[in-house]
Each structure stands twice: as structure tokens, then as C-alpha cells.
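Student: The structure is given below, and queries will be raised subsequently.
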Amino acid sequence: MSNKILILGSTGSIGTRTLDVARDFSEHFSVCGLSTYGQLDLLNRQIEEFHPAAINVTNPEKADDARALAERYEIRLTTGQAGLKELITLCEPDIVVTATVGIAGLEPTLFALEQGCDVALANKEVLVTGGALVMKKARKKGVRIRPIDSEHNAVAQCLMGQSLSKLRRIILTASGGPFRKLSKEELGRVTPEQALTHPTWKMGNKITIDSATLMNKGFEVIEGHHLFDLPIDQIEVAIHPQSVIHSLVEFVDGSLLAQLSVTDMYLTIQSALFYPERYENGVKPLDLCSLNALTFEKPDLERFPCLSYAYEAIREGGTATVALNAANEIAVRRFLDKEISFMQIPQIIRGTLDKHKTISDPDLGEILEADRNSRETAKSL
Ligand SMILES: NC(=O)c1ccc[n+]([C@@H]2O[C@H](COP(=O)([O-])OP(=O)(O)OC[C@H]3O[C@@H](n4cnc5c(N)ncnc54)[C@H](OP(=O)(O)O)[C@@H]3O)[C@@H](O)[C@H]2O)c1
């Protein structure tokens, strides 16, 4: 049976890799919708190849060019952030792949779930900001969130056929980023160019900076808490620079299961789209004997405090994780614009969390308001 997939953020790192999977498994998937923030040339090539029924161009400044593009291919067009929901209505997908970045993916993801679609979720900030709402909606509608984060996908694979009540903890692995060995002083001098060079994964700019600060791992702890309904104390992080083991689960008898593979998101995306089925693909097999060693160490929370801020925010609950995410989005943008130093990213997040007044059990409106207010705070610091 062929599934209709709609990709929000089709021009990004995850979006383009998802299309690689769709191309290779075209007998299983048809692409019914695509969206970009503003990369019209790439979107043009994607339309030519995959023939979607409708597209979204989110950046309102590109609306005129987007209209010309849609007319050329005689397909439906929606624009702006609100247009992402309209795109879902127009395309009637079976699976929505949320591969946008930041809180931008929250509303369309909730809408996709409301429409009864499964969601293959890469955009982790969706669960960081609205995890409780999203999981509640998925349960209510009887649809699945399929994780496209290699760590959570690894955990889901390790849990196949296992009883959750026998789980002791999950261990999320982290490469440690490009600055794992730098002192605090050296961290203060790193440039965006250096931070954008990830040692093991090739990804979009924001997640690459989040990996360098370890905020990415903090987000994944929050994501794991929601996805697997686990108390935060049962989620640990281990630095594993080789990025061969993508995560582990430990059961009450002390048995550990791990998922290993080469670092290629193709595999993770394929696994999420087909879950729980497996199919042969062209991904290079992992050559175990060519690996020198697999090493593990504890994260250093003094040099990389963002990880501890994530634990703190999830313990606080409510809108604290919204403030965490908003402050991080602003601080990363300011770092990339060379307005602040690398070590000022955690300072801005700390300052924003300190000023934030948490609302517990927020609805969508309260989440969006907390996001707006925290952005203002983070800009002012
Ligand atoms: N890359 C990875 O290996 C990886 C792994 C695990 C999880 N993730 C998560 O997956 C998400 C996507 O990551 P990525 O690396 O693919 O990012 P990316 O390369 O920056 O791509 C983001 C996509 O979203 C679009 N977009 C950007 N801002 C938007 C907005 N405000 N509204 C709507 N669309 C917007 C972009 O359009 P333009 O092309 O026009 O900018 C692009 O298509 C992130 O949340 C990341 O943390 C990524």
C-alpha cells in the first residue's frame, strides 16, 4: 500500500534526506505536499521530481515568486505560517514529516494530529515547547508520533517487543560536539564557523550549534520524557564521541540493549516511515572491526551548562521549557550573527529562565505567549 507523505521543511537537511527515502521507496510512498521557508530554487527541483499536489512557502516576502512557481506547475499554494495548516488540509496526507526548525513546527504538528495523521517528528522543539499537548492529542486521536531523532529512534527500536514496566532507564548518547575538549576560556573565543563544523553529523545550522552547546542533548532529554512517558530521572546522557551507538535502554535485570549504525539520517528516517517494518537499502553497513574503540564519558555541566538548564526546566514543568527554547532560539541566532560569544548563549538562557514566570499545564495560547515574552527577554539581555 502506498502512503501519502507531506514534508514540512522539505528543503532542509532532514527534508531532503526524507525525499531520498521517498525516491528509493516510491512504491511505498507518494509525496503529496512540500514546504520551504524560502529556498524556491530547491523547491522548484523538488516539485519537478515529486509532483506534489500543493506547496507552502512560509516566508511572506517570497509570496510573489511562490505564486509564479505554483502557476508554472499548476499546483495549489499556501503561504505564511498559517498556510502550513492549510497545506495539510489540501493534501490529506497519511504521514506528516515535521522537519521544520524551532517552535514553528508546533501548530502544524498539533493540526496534523487533529486531522488523524501520523507524525514523523524531526523538529524536536515541538516536544520541548508543547510535549504534553502533543502527546495528549496523539493519544486522543489514536495516531502515532514516529521519532526522527537518531537517539529516540534507537530507543524505540530497542524497546520493540519489550515491556516498558521493566525499563530501568534510557541512556541517550551525544557526540559532545566540536568543542568537547576545550576549556571555558577557549570556549569563549570560538567562532560560528568553528561551531558549524560538527565532527560526526551533517545537519542544519541551528541543531549544529545546539550540538556544540549540548542544548541539543537537553532538548532530547525533554523529548524522551514526553515520547516514552518516562520520569526525567530515568533519562541519562553519555558522551560517546564516535556516534556509533545511537542510544541504549537498560532493563531491571541490568541488561542493556543498544542500536548501532553508521551516522546517516537516511536510516532513521526510513525506520520512522516504515516502523516497525524493515527493508533493505543502500546504506553502507557498519564495519565493526574498523572501529578502534567505543568510548563513553559523563557530560561536563560546568563547561556545557545548557544540558543542566534543560533538566531544570523539565523539572519545573509548564512553560519553563518554552522559555528555555525561546531563549535558545534567540541566543543561537545572535551567536550566528556574531552579536554575542559562544559562552553568552548559556548566559542568555539562564537570564531568561530566571525572569520567566512559569504557567503550569499551559494551553496552546499560553505556550505561544510564553514564547513571545521569553524571546523579548532574551533579546534584551
Ligand atoms: N539534521 C539532522 O540530522 C537532525 C537530526 C535530528 C533532529 N533534527 C531536527 O530536525 C529539525 C530540522 O533540522 P534540519 O537540520 O533539517 O534543519 P534545516 O536544514 O535548517 O531545515 C529546516 C527546514 O525548515 C524550513 N524552515 C526554517 N524556518 C522555518 C519557519 N520559521 N517556518 C517554516 N519552515 C521553516 C527551512 O526552509 P529553508 O530551506 O527555506 O530555510 C528548511 O526547509 C530541527 O528541529 C532539528 O533539531 C535534525
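Student: Could you pull out the pairs from Lys4/Lys141; Lys217/Lys379; Lys338/Lys379; Lys202/Lys298; Lys206/Lys338; Lys137/Lys206 whose alpha carbons sit more than 21 Å apart here?
Tutor: Lys217/Lys379; Lys202/Lys298; Lys137/Lys206
Student: Could you tell me the convex hull volume per residue, in Å³, taken over the Cα atoms of segment 3-147?
Tutor: Expressed per residue, the convex hull around the Cα atoms of segment 3-147 is 89 Å³.
Student: How much length would be gained if the chain were fully extended between Leu288 and Ser183, taking 0.36 nm per residue of separation minus their Cα-Cα distance, in nm to one decimal?
Tutor: That pair, Leu288 and Ser183, stretches by 34.6 nm at full extension.
Student: Return the whole-Å distance between the Cα centroid of segment 78-138 and the Cα centroid of segment 324-362.
Tutor: Segment 78-138 and segment 324-362 have Cα centres spaced 24 Å from each other.
Student: I would also like to ask the following. Rounded to whole Å and sorted largest first, what semi-axes of the equivalent ellipsoid does the C-alpha gyration tensor of segment 123-185 yield via the square root of 5 times each eigenvalue?
Tutor: 28, 18, 10
Student: Still on this structure, I have one more. Under a Cβ-Cβ limit of 4.7 Å, which cysteines in the chain have nobody to pair with?
Tutor: Cys117, Cys158, Cys289, Cys306
Student: How large is ³J(HN,Hα), in whole Hz, for each residue of segment 52-63 in order, when computed from phi with the Karplus curve 6.51 cos²θ - 1.76 cosθ + 1.60 and θ = phi - 60°, using x for Gly and Pro?
Tutor: x, 7, 8, 9, 10, 10, 7, 6, x, 5, 9, 4
Student: Here is a follow-up. Which of Val31, Ser13, Leu87 sits farthest toward the positive end of the charge dipole of the chain, with +1 on the Cβ of Lys and Arg and -1 on the Cβ of Asp and Glu?
Tutor: It is Ser13.
Student: Ser271: net charge of surrounding residues, Cβ under 15 Å, Lys/Arg +1, Asp/Glu -1, itself excluded?
Tutor: The answer is -4.
Student: Which whole-Hz couplings ³J(HN,Hα) result when phi for each residue of segment 18-34 is put into the Karplus expression 6.51 cos²θ - 1.76 cosθ + 1.60, θ = phi - 60°, listed in order with x for Gly and Pro?
Tutor: Karplus-based 3J(HN,Hα) across segment 18-34 equals 5, 5, 4, 5, 4, 5, 6, 10, 5, 6, 9, 10, 10, 9, 9, x, 9 Hz.
Student: Rounded, prolate or oblate for segment 85-126? Axes are the square roots of the Cα gyration tensor eigenvalues, ordered a ≥ b ≥ c, and the cut-off for rounded is a/c under 1.5.
Tutor: Prolate shape, in that a/c is at least 1.5 and a/b is the bigger ratio.
Student: If you build the Cα gyration tensor of the chain and take the root of 5 times each eigenvalue, what three semi-axes come out, in whole angstrom, biggest first?
Tutor: Three semi-axes, in Å: 30, 26, 21.
Student: Let me ask something else about it. Using only alpha-carbon positions, what ratio does the radius of gyration of segment 298-381 give when scaled by 2.2 N^0.38 Å?
Tutor: 1.05
Student: Measuring from the lowest to the highest alpha carbon on each principal axis, how far does segment 204-291 reach, largest first, in angstroms?
Tutor: Taking the Cα atoms of segment 204-291, the three principal extents are 39, 37, 29 Å.
Student: Please go through segment 297-359 and write out the GluC sites (Glu not before Pro) that DSSP classes as loop and that have at most 12 other C-beta atoms within 10 Å.
Tutor: Glu302, Glu339
Student: Using the beta-carbon distance between Arg72 and Asp300 and R0 = 45 Å, what value does 1/(1 + (r/R0)^6) give for FRET efficiency, to the nearest 0.05?
Tutor: The value I calculate is 0.30.
Student: What do you get for trypsin sites (Lys or Arg not before Pro) in segment 268-355 restricted to DSSP loop and a cutoff of at most 13 other Cβ within 10 Å of the site's Cβ?
Tutor: The qualifying sites are Arg278, Lys338.
Read-outs throughout are calculated quantities, based only on the coordinates presented, and are distinct from any laboratory measurement. The structure displayed is predicted, hence computed values, not measured ones. When we count neighbours, we look across all protein chains shown, and the Cβ atoms used for this are built from the backbone with ideal geometry, even at glycine.
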